[in-house]
Amino acid sequence: MPSSDDPLQPVGQFIEIGGTRLHYHITGPEDAPPVLVLHGASSNLREPLTGLGDALSDERVIWLDRPGLGHSQRPSGAWNPQREATLIAGFLQGIDAGPVIVAGHSWGGAIALRLAMDHPQAVSGIVLIAPAIRAHVGEAAFYNKATHWPVIGTLITRLVVPTYGRAQLESAAASAFSPEPVPQNYVEDTALALLLEPSVWRANAADMARVNDHLEAQEGRYGEITQPAILIAGTEDSVVATPRHSVPVTQTMPNAELVLIEGAGHAPHFAHADRVAEAVRAVHARARGVD
């Protein structure tokens with residue numbers, strides 16, 4: 001784990017890709033094959049790092065603040081998974097990563113699949129964790145849509161979010177982990193309060209306001225993905241329904257396997273980090289053609 005007296009401060013380093021500054025952190029031995037970890041919505045690289053850092057300590061892991069979240073910038077203009085995947089592919093090239101195993105949690109899973117489809121040369125294998133990867137994942141919350149409305153959006157970003165946002169982080173964490181307990185100091189250790197920064201809030205709200213449109217635009221292409229993949233999902237996930245997302249998409253992808261974890265909610269990368277690490281190792285082996 002990186003050390004920092006203030007968890008809201010950057011823990012890694014920065015690189016500029018096409019005029020956009022991205023924040024990332026690398027752990028593990030230099031000679032190990034690389035793994036790129038993409039966090040979910042409302043989050044930042046510290047979230048999966050806190051849950052998976054120890055379990056993946058023997059892997060060369062690239063933890064990335066997705067564009068617009070954490071400490072990473074987002075280019076101007078309309079944003080979608082296609083643009084995000086293109087920027088991430090440029091990032092991987094910029095740090096000379098070579099083909100990576102890409103691991104994505106929740107909305108990060110949708111971005112991982114987009115990266116694999118649009119830039120297959122950058123991805124040798126895939127691990128998805130409680131992924132949100134099919135349309136009709138749920139209606140966007142009112143505040144996500146309203147954040148970009150004139151006047152009302154300014155009030156939400158500048159007044160409502162700073163005043164009430166902190167308390168909502170705790171309740172959102174409880175919903176994500178349910179029925180499993182939230183780890184002690186989870187909100188602090190994962191720097192979730194970065195979401196309350198105006199630019200980060202607006203970027204996340206823009207993603208979530210159009211989440212179903214984004215997923216509908218790509219879910220018909222998953223059969224194109226030939227890289228080895230393992231999807232990990234909890235039977236009790238109340239945020240992203242496993243029977244609607246992980247189960248049918250596993251059947252669509254030609255080289256995919258589903259790992260169901262009984263009793264797990266939307267954050268299996270914490271209580272079941274070892275299962276994620278096992279999946280990463282298995283995908284590495286399959287990508288090399290080793291049984």
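Nothing in this text is a laboratory measurement; each read-out follows from the coordinates by a stated rule. Predicted, not measured: the structure shown is a model, and the values here were computed from it. Using ideal geometry, Cβ is built from the backbone for each residue, glycine included, and neighbour counts are taken over all protein chains shown.
Key figures for this structure:
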read-out: Sequence-distant residues sharing a close amide H with Ala264 (under 5 Å, placed H); value: Thr235, Glu236
read-out: Order by protection proxy (mean Cβ within 10 Å, highest first), peptides 85-93, 255-263; value: 85-93, 255-263
read-out: Helix 161-177 vs. the chain, principal-axis angle (Cα, 0 to 90°, nearest 10); value: 30 degrees
read-out: Gain in span if fully extended, Leu260 to Gln9, counting 0.36 nm per residue against the direct Cα distance; value: 86.8 nm
read-out: Prolate/oblate/rounded label for the chain (Cα gyration tensor, a/c 1.5); value: rounded
read-out: Helix 273-287 vs. the chain, principal-axis angle (Cα, 0 to 90°, nearest 10); value: 50 degrees
read-out: Contour minus Cα-Cα distance for Gln251 and Arg281 (0.36 nm per residue); value: 8.7 nm
read-out: Rounded to 5, the percent of DSSP beta bridges in the chain classed as antiparallel; value: 25 percent
read-out: Vicinal HN-Hα couplings computed from phi for region 245-254 (Karplus, 6.51 cos²θ - 1.76 cosθ + 1.60; Hz; Gly/Pro x); value: 9, 5, 5, x, 5, 4, 6, 7, 7, x
read-out: Distance from region 172-217 to region 65-122 (C-alpha centre basis), Å; value: 18 Å
read-out: Extension reserve of the Asp58-Arg288 stretch, reckoned as 0.36 nm per residue once the Cα distance is removed; value: 81.0 nm
read-out: Other-chain or far-sequence residues with amide H under 5 Å of Ile129's (modelled H); value: Gly104, His105, Ser106, Ile232
read-out: Helix 198-209 axis, angle to the chain major axis (alpha carbon atoms, nearest 10°); value: 60 degrees
read-out: FRET efficiency, Glu216 to Glu16 (Cβ-Cβ, R0 25 Å, nearest 0.05); value: 0.15
read-out: FRET efficiency, 1/(1 + (r/R0)^6) with R0 35 Å, evaluated for Asp96 and Thr235 via beta carbons; value: 0.30
